[in-house]
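> My structure is below; once you've seen it, I'll send some questions.
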Amino acid sequence: MSPLNEPHADAPTQVVAIDGPSGAGKSTIARQLAEQLGYRFLDTGAMYRAITWLFLERGVLSAEAADGAPAREALAEASLRLQGGRVLLNGEDVTQRLRTREVEAQVSAVAAMPSVRARMGELQRVVAQQGPVVAEGRDMCTVVFPRARWKVYLDAAPAERARRRCDEFQQRGRAVVEAQVLAEILERDRRDSTRADAPLRRAEDALYVDTTGLAADAVLDRAGALPRTRAAFDALKADVGANAAQLSTQADAMALIAKTSDEVKNALNALQGDVSVGFADRDARIGGVETQLSQLGT
Ligand code: DC
């Protein structure tokens, strides 16, 4: 069985890890998937942006100061909290500042600092220890959560990523030139994937989804098929447990099978149809669950 089909058995917590370059649609997909699964959404890019903002404000980004004592002090003192889509840095809501040109121009350099990466990785693992998360960034699958239950790599053609970024900027009232946005994206990709510490790369066991030309719903169907299938199985198992006491007749058991196995079949069919990974033993799995259920009723 390929690693794509099975959750990592020793995963410490339920983590859906999503990586990919900027503009691949990670935030949109991760946010919606978190909502569907009832997991927390962890936007790690926002964390790097917040620290970049802090460094800019403290003036510790000059060549001599970068990754030196002033930057390390600012980092050590920083308290960073993500709350319902807002980012609080040292108690101040900095959400609006994270997408400014200044931050955008410096964030790759800040994200390349080993001390910053080490601290962000620690904070990200703390969040995941508190409960299930959908975490998106550049090194979720490879470095921060190598044993994540589910791994996804989202990608898209550079021109499309630039177009999406332009749309975002325009929605926020910022006039931009698409060719320039494309050049900036390519430069950021280059820096993010060539840095020494935790460069952006696709984990071998991540599901690869090329989102070029796909609407968000279609991407969500593909990227979410595996964790949703798992959630359907979990719900089914819980259902079996909860109903065991009332299953006094075979008919009751069969009614329950009819209701719940459809849910699982649908999830598996979606998986089979939407994602080009095989689920060779899906019929056996459905059969196994049905047998378990029918045994409860006899
Ligand atoms: O996803 P984003 O555009 O908000 O990310 C901002 C920057 O932070 C980007 O240049 C890459 C960097 N980053 C990173 O190095 N590691 C992460 N896990 C997330 C983001």
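> Counting only protein heavy atoms and a 1.4 Å probe, tell me what percentage of the stretch 65-208's accessible area is made up of carbon and sulfur.
51 percent
> Report the net charge of residues surrounding Y153, where surrounding means a beta-carbon distance below 13 angstrom and charges are Lys +1, Arg +1, Asp -1, Glu -1.
-1
> In addition: Using a cut-off of 12 Å between beta-carbons, work out the net charge of the residues near L123 (Lys and Arg +1, Asp and Glu -1, L123 not included).
+3
> Could you give the nm distance between label points at A159 and R174, where each point is 7 Å from its Cα heading toward the beta carbon?
Between A159 and R174, the label points sit 2.4 nm apart.
> Once the piece of chain linking E57 and R201 is laid out straight, how much longer is it, given 0.36 nm per residue of separation minus the C-alpha distance between them?
48.8 nm
> Let me ask something else. With no solvent and one point on each alpha carbon, what is the Debye value of log10 I(q)/I(0) for the stretch 140-190 at q = 0.16, 0.31, 0.32 Å⁻¹?
For the stretch 140-190 at q = 0.16, 0.31, 0.32 Å⁻¹, log10 I(q)/I(0) is -0.60, -1.11, -1.15.
> A follow-up question, please. Provide Rg and Dmax in Å for the stretch 84-190, with only Cα atoms included in the calculation.
Here Rg and the maximum Cα pair distance are 15.7, 42 Å.
> Apply the Karplus curve 6.51 cos²θ - 1.76 cosθ + 1.60, θ = phi - 60°, to the phi angles in the stretch 18-29 and return the couplings in whole Hz, x for Gly and Pro.
Each residue of the stretch 18-29 in turn: 10, 10, x, x, 5, x, 7, x, 4, 4, 4, 5 Hz.
> Could you report the stretch 119-223's accessible area per residue, 1.4 Å probe, as an integer in Å²?
Heavy-atom accessible area per residue stands at 48 Å².
> Report, to two decimal places, the Cα Rg of the stretch 35-151 normalised by 2.2 N^0.38 Å (N = number of residues).
Working it through for the stretch 35-151, the quotient is 1.06.
> I've got another one for you. Multiplying the sequence separation of A105 and Q36 by 0.36 nm and subtracting their Cα-Cα distance, what value in nm do you get?
21.5 nm
The values are calculated or read from the model by the stated rules, or taken from the named source; none is laboratory data. In this text the structure is predicted, and so the values were computed from the model without any measurement. For neighbour counting, all protein chains shown are included, and Cβ atoms are generated from backbone atoms with ideal geometry for every residue, glycine included. Ligands, DNA and RNA are stripped out before the accessible areas are found, and what is left, the full protein with its side chains, is counted by its heavy atoms. Shrake-Rupley method; radii C 1.70, N 1.55, O 1.52, S 1.80 Å.
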